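Heads up: the structure comes next, in structure tokens.
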Amino acid sequence: MSQTKHIEVDQDFIENLCDEFGNREGTVVQILQRIQEKYGYVPADALDMIGEYLEIPKSKMYGVLTFYSQFYREPRGKYVLKICVGTACHVRGAGLLVDKVKEELKIEPGENTEDMLFTLEPVSCLGSCALAPMAMVTDTAYGKLSPDKMLGLIKDLESEHLSASEPA
Amino acid sequence: MLTEVLEDSSLQLEERSSLPVIHIGMATCGLASGAKALHELILKEVASRNLAVKVVPTGCIGMCHNEPLVDITMPGKNRVSYRNVKPNTLTQILDAHFNKNEFAKKYAVCQIPVPGAEPFAGLPLMQEIPFFKGQVKIVSKRCGMIDPLSIDDYIAMDGYAALRKVLSSMTPEQVIDEVTKSGLRGRGGGGFPTGVKWNLTRKAPGPEKYVVCNADEGDPGAFMDRSVLEGDPHSVIEGMILAAFAVGHARKGYIYCRAEYPLAIKRLQKAINDARERNFLGDNILGSDLSFDLEIKEGAGAYVCGEETALLASLMGERGMPWPKPPFPAQKGVWGKPSVINNVETLANIGHIILGGGEWYASYGSEKTKGTKTFALTGSIKNTGLIEVPAGTPLREIVFSIGGGMVEKKIPFKAAQLGGPSGGCIPTSGLDTPVDFENVVSAGAIMGSGGIVVMDEAACIVDTAKFFLKFTQDESCGECTPCRVGSKIMLDILTRITEGKGQEGDLDELVRLSMYIKSNSLCGLGGAAPNPVLSTIRYFREEYEAHIRDKRCPGTVCNDLIKYVVIEEDCTTCGLCEPVCPSGSVTWEKGEVAHIDLTTCIRCKACVDACKFRAII
Ligand SMILES: Cc1cc2nc3c(=O)[nH]c(=O)nc-3n(C[C@H](O)[C@H](O)[C@H](O)COP(=O)(O)O)c2cc1C
Ligand code: SF4
Ligand code: SF4
Ligand code: SF4
Ligand code: FES
Ligand code: FES
């Protein structure tokens, strides 16, 4: 797994968020969701800033952060390959998809590729079990996948990335 | 029965429209099958052909195996459904309707009756084809029919009529009465009578109350709630407003939706905004003294948050840990106030019950489970998708008539898994089980929230049990030791068995641990975690024993137990298997029997599939 530099957190952004949500109860999860939306993960610095600003003990912030599998404490790849390993997908060969990605990108579940382009994330049911096996990449769902189609998808995303980063 | 429901009201939409309508299924399944590109193509075709038509995206009609689905309704004619529509078939379909005034027989599935419209000859009606024949659509009636983004579509199909009726002519007690009479029981899996729950919340002291919709739908293999949220979001909102009215003018409601459903969240939010604009939500709804508003809370990826007390904790920004009941949410829920918490499907049923009457709803279903239930049919079955049937419909009918039987003709049915990680497997001998709360429990599973995963003989029962246990073990919140540690020990034993290291006595130990975990766990997750193991030991003991004693996996799933060998007598020395092997494990020389090197074989099965003579097993 690559060691990536953490992002510099924007203090104003955090304080605005806290002001927006802060004086109401039960907003820690939502604040963390918004931070993750912006940075792709929840940087430790951000956690400290919220804790200080809202006077919430650090231990409590960490407790919430680590409880939910959706929060990440490390930066993640541009494309997160969410491969469903739920029941319906499992019985239709989801394991083969995961193996294919592991083999092709040389990463284990939860890891990023060196170039930070891909993250492999086996997830539980995505709710489109009728088209098992399923995967989702940036909110787009792909159904009836096979290891070969998975490979094709990775190639497509790679070329999408290349054409996006080419100077116009 | 379906006819009756359809004729009722469903297609007033087209009736009102003098333009041809093209519907395209754009729920998650549709999108995953390429509906988005198809939608763009339709718009392009329509523009280049200069057609005056309405193009309407809709939700899930249930035939997810046939996606992408496109329906065409010409004025004065029935609506024709097309399946697996590809760019080239699309042009043929459009040609047929718009140039030749007929339909494209080759790709049509069925026609959906439009009241007063002319049927097409030579095309079965929706309710005549096997997939829909045994179905009764109440809660999923609008899914796939209307544009989920249009509040007017919803209203045209009786939407918000129940709310108007209640606000103008019913008391909260009468609403609760009607719901009680309907016999409706919680569709989230627990099966608690909804009327009773509402009454408890109503009677709880204090003026401040809340309504919560459980849209966490965490069971893998289940997507009923997703289909309703994506296909008919207003029905859930209306159900919540009715609940707010009934429990004593709750002012605030929350929809707790799992983050894995981005499309559902988007559509819900749009529906909430539209409902606010029309004053179905907000202050003094439709001029009454009821004021109620809704907020969506996104889950953050923890299965246990589907459990109601954990959900409440999460809603309030805490770690989603269950708390011991009592107090029940009806007494102490959101912010410590009495709260009614119901599942998506439960709530979406309420409007229909109010309009049709409790007795009408209770006329469907079995003795103790009234009404209809939606199921997500998945696995090795031909017609995967979403269905709605009267409670008590035999499993056989669901799997073989509606589901169309097994996907691979040659591989027979082995078991159906019902109820997800809290449920169990029902074998061939249980196919006549009526699917309702009580009977499925007697058969060793639970009806649960409605996931049915069909497995064929190529599936491995031990692997399936292990799969579920791994799931619950991962998702255990860790609060109680029996659940956290017990399930880990069970998982270790199962893993050993699938690796060919099983020992005599393992099964007894699994049963013993199961009993202990079941009776010593705080919440339903731990309490039901051993069910998949218990039910499979009950019905498939021999298969466990094959793994333990003979180190053999009858379903050829458990990698460590698979040893592909070439049967010398059957091998015709054709050599087809050699080039397909990705690991170079097959050696073959012209005229010689092939050979597999098991030390390098990765069990990909490519050679087995390549061999036309079934010489590799
Ligand atoms: C581990 C666990 C997970 C649950 N997951 C869900 C769920 O995803 N959706 C749901 O509606 N109910 C779920 N439930 C049931 C809820 O606790 C609760 O009974 C239900 O939301 C009540 O609504 P109902 O009476 O309308 O079914 C779950 C229960 C347990 C023990
Ligand atoms: S049974 Fe399991 S999931 Fe439920 S509270 Fe106990 S440890 Fe948590
Ligand atoms: S199962 Fe796959 S890896 Fe093994 S011998 Fe056959 S083709 Fe080769
Ligand atoms: S494909 Fe089958 S018959 Fe042909 S060489 Fe291989 S094992 Fe023998
Ligand atoms: S099990 Fe994979 S989408 Fe449901
Ligand atoms: S999601 Fe399209 S028919 Fe089910």
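The values are calculated or read from the model by the stated rules, or taken from the named source; none is laboratory data. Because the structure is a prediction, the values reported are computed rather than measured. Note that each Cβ is placed from the backbone with ideal geometry, even for glycine, and that neighbours are counted across all protein chains shown. Just the protein is used for accessible areas: all its heavy atoms, side chains included, with ligands, DNA and RNA removed. Shrake-Rupley method; radii C 1.70, N 1.55, O 1.52, S 1.80 Å.
Anisotropy class assigned to the protein assembly as shown is rounded, per the alpha carbon gyration tensor with a/c under the 1.5 cut-off. Straight-line reach from B:LYS203: taking Cα to Cα under 20 Å and skipping same-chain neighbours fewer than 8 places apart, the aspartates and glutamates in range are B:GLU173, B:ASP177, B:GLU178, B:ASP289, B:GLU308. Towards the positive end of the charge dipole of chain B, with charges on Cβ (+1 Lys, Arg; -1 Asp, Glu), say which of B:GLY502, B:TYR107, B:ALA222 has the farthest Cα. So the residue furthest toward the plus end is B:ALA222. Summarising the overall dimensions of chain A from its C-alpha atoms, the Rg and Dmax are 18.1, 51 angstrom. Taking every DSSP helix (H) stretch of at least 4 residues in the protein assembly as shown, weighting each as -39,500 (n - 2.57) and dividing the sum by the residue count yields a mean residue ellipticity at 222 nm of -11000 deg cm²/dmol. For the range B:525-534, putting each phi into the Karplus relation 6.51 cos²θ - 1.76 cosθ + 1.60 with θ = phi - 60° gives couplings of 5, x, x, 10, 3, x, 3, x, 6, 4 Hz, in residue order, rounded to whole numbers and with x for Gly and Pro. Surface composition of the protein assembly as shown: carbon plus sulfur atoms hold 51% of the accessible area, using a 1.4 angstrom probe and ignoring ligands, DNA and RNA. Close amide-amide hydrogen proximity is noted between A:TYR79 and A:PHE118, A:THR119, each under 5 Å apart and 5 or more residues distant or on a separate chain (H modeled in the peptide plane; Pro and chain starts excluded). Straight-line reach from B:LYS410: taking Cα to Cα under 16 Å and skipping same-chain neighbours fewer than 8 places apart, the aspartates and glutamates in range are B:ASP456, B:GLU457, B:ASP609. May I ask which residue of B:PHE413, B:SER514, B:TYR160 lies farthest towards the positive end of the charge dipole of chain B, with charges of +1 (Lys, Arg) and -1 (Asp, Glu) on Cβ and the Cα centre as origin? In chain B, that residue is B:TYR160.
Net charge dipole, the range B:234-295: roughly 200 debye, given to the nearest 20, about the Cα centre with Cβ charges of +1 for Lys and Arg and -1 for Asp and Glu. With the simple model of a label 7 Å out from the Cα in the direction of the Cβ, B:SER442 to B:LYS409 spans 3.7 nm. For the range A:11-67, what class follows from the C-alpha gyration tensor (a ≥ b ≥ c being the square roots of its eigenvalues): rounded when a/c is under 1.5, otherwise prolate if a/b is larger than b/c, else oblate? Verdict is rounded for the range A:11-67. Would you mind checking A:LYS78/B:LYS252; A:LYS82/A:LYS106; A:LYS82/B:LYS266; A:LYS149/B:LYS605 for any pair whose Cα atoms are more than 26 angstrom apart? Distance filter (> 26 Å) returns A:LYS78/B:LYS252.
Note that the range B:372-459, at 37 °C in a medium of 0.692 mPa s, gets a Stokes-Einstein diffusion coefficient of 265 µm²/s from its Kirkwood radius over C-alpha pairs.
Mean sequence separation of contacting Cα pairs (under 8 Å, at least six apart), scaled by the length of the range A:11-67, corresponds to a relative contact order of 39 percent. Peptide B:217-228 has a mean shielding of 5, counted as Cβ atoms of other protein chains within 10 Å of each residue's Cβ. When the listed pairs B:LYS197/B:LYS373; A:LYS144/B:LYS409; A:LYS144/B:LYS563; B:LYS373/B:LYS466; B:LYS44/B:LYS382 are checked against a 26 Å cut-off, the alpha-carbon distance exceeds it for A:LYS144/B:LYS563; B:LYS373/B:LYS466; B:LYS44/B:LYS382. Scanning residues 5 or more positions from B:THR58 or on other chains, those with amide H under 5 Å from its amide H are B:ILE24, B:GLY25, B:MET26, with H placed 1.01 Å from N in the peptide plane. A cut-off of 5 Å between modelled amide H atoms, ignoring neighbours fewer than 5 places along the same chain, links B:VAL136 with B:GLU388, B:VAL389. Relative contact order of the range A:79-165, taken over Cα pairs closer than 8 Å and 6 or more residues apart, is 35 percent. Note on B:LYS106: aspartates and glutamates with a C-alpha under 19 Å away, same-chain residues under 8 apart excluded, are B:GLU67, B:ASP71, B:ASP95, B:GLU128. Couplings 3J(HN,Hα) of the range A:79-86, computed from phi: 10, 9, 7, 8, 9, 6, 10, x Hz, in residue order, whole Hz [Karplus 6.51 cos²θ - 1.76 cosθ + 1.60, θ = phi - 60°; x for Gly and Pro]. For a test of the definition: using alpha carbon positions, the gyration tensor, and the 1.5 limit on a/c, classify the range B:152-360 as rounded, prolate or oblate. Rounded.
How big is the dipole moment of the range B:152-360 about its Cα centre under a simple scheme where the beta carbon of each Lys and Arg is +1, that of each Asp and Glu is -1, and everything else is neutral? Debye, nearest 20, please.
Dipole about the Cα centre, nearest 20: 580 debye.
Restricting attention to the range B:248-375, close to 25% of DSSP beta bridges with both partner residues there are antiparallel.
Pairs of alpha-carbon atoms within less than 8 angstrom and 6+ residues apart define the contacts here; what relative contact order does chain B have, in percent?
11 percent
Mean per-residue shielding of peptide B:61-69 is 2, counting Cβ atoms of other chains within 10 Å of each Cβ.
Candidates B:PRO75, B:GLY317, B:PHE120 compared by Cα position along the dipole of the protein assembly as shown: farthest toward the positive end lies B:PHE120, with charges placed on Cβ.
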